[in-house]
Amino acid sequence: MSLTESQRFHLKKSIKELERYKGRHTELVSVYIPQDYDMNKIINHLAQEQGTASNIKSSATRKNVTDALERMMQHLKLFKRTPPNGLCVFSGNVAEREGQQDFKVWSIEPPVPLRTRIYRCDKEFQLDILRDMMEAKEVYGLVVMDRRDANIALLKGKTIMPLVKTHSEVPGKFRAGGQSAMRFSRIIEGAAKDHYKKVAEYMKETFLNMAGLKGIIVGGPGPTKYDFVDGGYITNEVRKKIIAIKDLSYTEEFGLEELLEKSQDVLAAEDVVDEKKIVNKFLEMLATKQNMVSYGEADVMNKIKLGIVNIVLLSEDLPDEKIEEFEAAAKPVGSEIKIISTQTREGAQLRDLGKVAAILRYEYHG
């Protein structure tokens, strides 16, 4: 499951805050509670750990650990049950100077189900599982080709990641003097087949055992892509992963962008498509119905306060505090917030427009 940009933003912010703190000894406590796990069992386990901590030789470390565990247990008693996706809890003395006390407890409800149970005391909070949640797990393979060129890439989250670029030895349309048309045609066909075999081998190496691969989309101009896919070049296990074949006008990098555009039906459930659609809707309305949109920080904030904003588009390039400011203003009036990645063409357009835009509930002529 991929995170929305809003989930990613809040998780990233929590990780950044927790990363700031370092313990002098192994006294910062991290606990991960899986979904459906009994909260009382966790509290009982922490009480046992508190008893064990009384054996720590250093009195300062002993006090920091036992107090951190006490604060954490008190905090967990506020929960009637474990949240649907589980819970991540962190506690410790985060005072800057030795000998001082500043105990804090954080709890984070993860955006995806937590499967792992962890109890750890260390010099820093254990955040690898949360960092791992930030990574897009699901990927699509993209293959753009014609007889001359082929590009293999991954679509990971919202980012096209080029992997392989290969060029064929298929000669141009003009044959060398003295070659018969039939012989020249045989040379072309032989070179094309070699090209197809090479691309198929790259696809096998790249995609056969790739974890999280949801499918492969193949595209290109003309009939070449069909000759390639249906010609027996691709190993059967890889061919089964092809979920769509698309007609394109371009190859190479432009072709990869075009393939993403033309695969919106296939990727309909993915965040990247939702983002593209909403930004494109804003841009279209900006061109045709200017009284239905707003952009720029001050103007959008003003219209949110008037209660006339339906959807707020915020570039992920905005400072964290600014995003939170818009979220706080939007919540009471029921405006929906969409945080837009800058990794798509549309996201870059929003950034260049001033990073903040809005689609209104109705035309406003004020």
- Query: In segment 289-340, what count of residues is obtained for those that are closer than 19 Å to Gln7 by Cβ and of a type in the set (Lys, Arg)?
  - Reply: 3
- Query: Across segment 54-93, which residue is surrounded by the fewest Cβ atoms within 10 Å (Cβ to Cβ) among those that are among the hydroxyl-bearing types (Ser, Thr, Tyr) and touching a strand residue (DSSP E or B) at 6+ places or on another chain (Cβ under 7 Å)?
  - Reply: Thr82
- Over segment 94-123, the set of residues surrounded by 16 or more Cβ atoms within 10 Å (Cβ to Cβ) and assigned to a loop (DSSP other than H, G, I, E, B) is Val94, Pro110, Pro111, Val112, Leu114
- Query: Are any of the residues in segment 139-154 of a type in the set (Lys, Arg) and modelled with pLDDT of 90 or more?
  - Reply: no
- Among helices (runs of 4 or more DSSP H) lying entirely in segment 241-342, which contain 1 or more residues that are over 21 Å from the mean Cα position of the chain (by Cα) and closer than 30 Å to Val144 by Cβ? 252-262, 271-288
- Query: Can you name the condition, by its number, that Ile234 falls short on among (1) of a type in the set (A, V, I, L, M); (2) exposed (fewer than 14 other Cβ atoms within 10 Å of the Cβ); (3) not in a helix (DSSP H, G or I)?
  - Reply: (2)
- When both residues are 6+ apart or on different chains and their Cβ atoms are under 6 Å apart, which pairs have a first residue that lies in segment 347-364 and is of a type in the set (Phe, Trp, Tyr), and a second that is surrounded by fewer than 17 Cβ atoms within 10 Å (Cβ to Cβ)? Tyr364/Asn291
- Task: Quick one: Gly157 ticks every box in (1) modelled with pLDDT of 95 or more; (2) assigned by TED's automatic domain parsing to the domain that holds Arg239 except a single one, so which number is it?
- Result: (1)
- Please go through segment 343-361 and pick out each residue that is at pLDDT below 95, outside any helix (DSSP H, G or I) and on the phi < 0 side of the Ramachandran plot. Gln343, Thr344, Leu353
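The values are calculated or read from the model by the stated rules, or taken from the named source; none is laboratory data. These numbers were taken from a predicted model, which means no experiment stands behind them. For neighbour counting, all protein chains shown are included, and Cβ atoms are generated from backbone atoms with ideal geometry for every residue, glycine included.
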